[in-house]
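Step one of this worksheet: look at the structure below.
The values are calculated or read from the model by the stated rules, or taken from the named source; none is laboratory data. No experiment lies behind these values; they were computed from the predicted model shown. All Cβ positions, glycine included, derive from the backbone under ideal geometry; neighbour counts span all protein chains shown.
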Amino acid sequence: MANSRRKGKDGENEAALLLRRVFPGVKRNLTQYQGSSGRDFTGTEPWVVQVKRLARRPAVEAMLAEAEREVAPLNGELAVLLVRGDRGEWLAVLLAEDWLGLVEAIWPPSPGVEA
(Lines give C-alpha, C1' and ligand atoms only; values in the text may rest on other atoms or scores of the structure.)
Protein backbone atom coordinates (compact mmCIF):
# COMPACT_ATOMS: atom_id res chain seq x y z
CA MET A 1 0.00 0.00 0.00
CA ALA A 2 2.87 2.39 0.80
CA ASN A 3 4.32 1.90 -2.70
CA SER A 4 0.90 2.67 -4.21
CA ARG A 5 0.65 5.90 -2.20
CA ARG A 6 4.16 6.94 -3.23
CA LYS A 7 3.34 6.22 -6.85
CA GLY A 8 0.15 8.28 -6.56
CA LYS A 9 2.01 11.14 -4.88
CA ASP A 10 4.74 11.07 -7.55
CA GLY A 11 2.10 11.11 -10.30
CA GLU A 12 0.33 14.08 -8.71
CA ASN A 13 3.62 15.97 -8.38
CA GLU A 14 4.43 15.34 -12.05
CA ALA A 15 0.95 16.47 -13.09
CA ALA A 16 1.20 19.61 -10.91
CA LEU A 17 4.37 20.63 -12.77
CA LEU A 18 2.53 20.20 -16.06
CA LEU A 19 -0.55 22.10 -14.83
CA ARG A 20 1.47 25.10 -13.57
CA ARG A 21 1.76 26.25 -17.17
CA VAL A 22 -1.91 27.26 -17.06
CA PHE A 23 -2.70 27.17 -13.35
CA PRO A 24 0.27 28.80 -11.57
CA GLY A 25 -1.38 28.46 -8.15
CA VAL A 26 -2.02 24.72 -8.44
CA LYS A 27 -1.33 22.70 -5.29
CA ARG A 28 -1.82 19.07 -4.39
CA ASN A 29 -4.89 18.69 -2.22
CA LEU A 30 -3.39 17.04 0.83
CA THR A 31 -6.76 16.94 2.60
CA GLN A 32 -8.25 14.64 -0.06
CA TYR A 33 -7.24 11.65 2.04
CA GLN A 34 -8.98 13.04 5.12
CA GLY A 35 -12.42 12.82 3.55
CA SER A 36 -12.91 16.54 2.83
CA SER A 37 -12.72 16.40 -0.96
CA GLY A 38 -11.84 13.97 -3.71
CA ARG A 39 -10.00 16.65 -5.68
CA ASP A 40 -6.37 15.86 -6.38
CA PHE A 41 -5.58 19.59 -6.74
CA THR A 42 -6.69 23.01 -5.65
CA GLY A 43 -6.13 26.04 -7.85
CA THR A 44 -7.48 24.48 -11.06
CA GLU A 45 -11.03 25.76 -10.67
CA PRO A 46 -13.43 25.38 -12.44
CA TRP A 47 -11.68 22.18 -13.60
CA VAL A 48 -11.55 19.17 -11.29
CA VAL A 49 -8.40 17.29 -12.28
CA GLN A 50 -7.94 13.66 -11.25
CA VAL A 51 -4.62 11.88 -11.71
CA LYS A 52 -4.28 8.15 -12.29
CA ARG A 53 -0.74 6.88 -12.81
CA LEU A 54 -0.71 3.29 -14.00
CA ALA A 55 1.99 0.67 -14.29
CA ARG A 56 0.63 -0.64 -17.58
CA ARG A 57 -0.35 1.25 -20.67
CA PRO A 58 -4.15 1.45 -20.68
CA ALA A 59 -6.08 0.39 -23.79
CA VAL A 60 -7.43 3.92 -24.15
CA GLU A 61 -3.86 5.19 -24.67
CA ALA A 62 -3.39 2.82 -27.60
CA MET A 63 -6.72 3.94 -29.06
CA LEU A 64 -5.73 7.60 -28.74
CA ALA A 65 -2.40 6.83 -30.43
CA GLU A 66 -4.37 5.56 -33.42
CA ALA A 67 -6.22 8.89 -33.62
CA GLU A 68 -2.91 10.74 -33.21
CA ARG A 69 -1.55 9.10 -36.36
CA GLU A 70 -4.28 10.86 -38.36
CA VAL A 71 -3.52 14.34 -36.98
CA ALA A 72 -2.06 17.06 -39.17
CA PRO A 73 -0.43 19.31 -36.54
CA LEU A 74 0.55 21.96 -39.08
CA ASN A 75 -3.16 22.45 -39.77
CA GLY A 76 -3.86 22.85 -36.06
CA GLU A 77 -5.62 19.52 -35.76
CA LEU A 78 -5.87 17.76 -32.40
CA ALA A 79 -6.72 14.15 -31.72
CA VAL A 80 -9.58 13.34 -29.40
CA LEU A 81 -10.87 9.88 -28.56
CA LEU A 82 -14.55 9.39 -27.74
CA VAL A 83 -15.10 6.16 -25.84
CA ARG A 84 -18.07 4.65 -24.05
CA GLY A 85 -18.62 1.42 -22.21
CA ASP A 86 -21.93 -0.41 -22.35
CA ARG A 87 -24.56 1.71 -20.59
CA GLY A 88 -21.91 4.29 -19.72
CA GLU A 89 -21.39 7.94 -20.51
CA TRP A 90 -19.26 9.08 -23.42
CA LEU A 91 -15.77 10.17 -22.42
CA ALA A 92 -13.50 12.47 -24.39
CA VAL A 93 -9.79 11.68 -24.09
CA LEU A 94 -6.99 13.87 -25.41
CA LEU A 95 -3.32 14.44 -24.68
CA ALA A 96 -2.63 16.64 -21.65
CA GLU A 97 -0.55 19.05 -23.76
CA ASP A 98 -3.47 19.47 -26.18
CA TRP A 99 -5.91 20.06 -23.30
CA LEU A 100 -3.60 22.67 -21.74
CA GLY A 101 -3.34 24.40 -25.13
CA LEU A 102 -7.14 24.54 -25.35
CA VAL A 103 -7.39 25.93 -21.82
CA GLU A 104 -4.82 28.60 -22.69
CA ALA A 105 -6.76 29.50 -25.83
CA ILE A 106 -10.18 29.88 -24.21
CA TRP A 107 -9.49 30.72 -20.58
CA PRO A 108 -8.48 34.16 -19.38
CA PRO A 109 -4.89 34.10 -18.19
CA SER A 110 -4.35 33.89 -14.46
CA PRO A 111 -3.03 37.04 -12.76
CA GLY A 112 0.75 37.23 -13.12
CA VAL A 113 0.86 34.85 -16.08
CA GLU A 114 1.77 36.20 -19.46
CA ALA A 115 -0.42 35.02 -22.32
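For this structure, a couple of remarks:
- Residue that is modelled with the lowest pLDDT [pool: residues in region 38-88 that are more than 19 Å from the chain's Cα centre (by Cα) and among the basic types (Lys, Arg)]: Arg69
- Screening the candidates Val60, Val71 for the property of being of a type in the set (Val, Ile, Thr) and in a helix (DSSP H, G or I) yields one hit, Val60.
- Residue match in region 96-106 (condition: surrounded by 11 or more Cβ atoms within 10 Å (Cβ to Cβ), at negative phi, at pLDDT below 85 and not hydroxyl-bearing (Ser, Thr, Tyr)): no
- Filter result for Arg21 (at pLDDT 90 or above and either surrounded by 13 or more Cβ atoms within 10 Å (Cβ to Cβ) or of a type in the set (S, T, N, Q) (or both)): yes
- Matching option when the condition is part of a loop (DSSP other than H, G, I, E, B) and charged (D, E, K, R), among Asp10, Asp86: Asp86
- Residue within region 69-78 that is touching a strand residue (DSSP E or B) at 6+ places or on another chain (Cβ under 8 Å) and either exposed (fewer than 10 other Cβ atoms within 10 Å of the Cβ) or of a type outside the set (Asp, Glu) (or both) present: no
- Test: residue in region 12-26 that is among the polar types (S, T, N, Q) and not assigned by TED's automatic domain parsing to the domain that holds Trp99: yes
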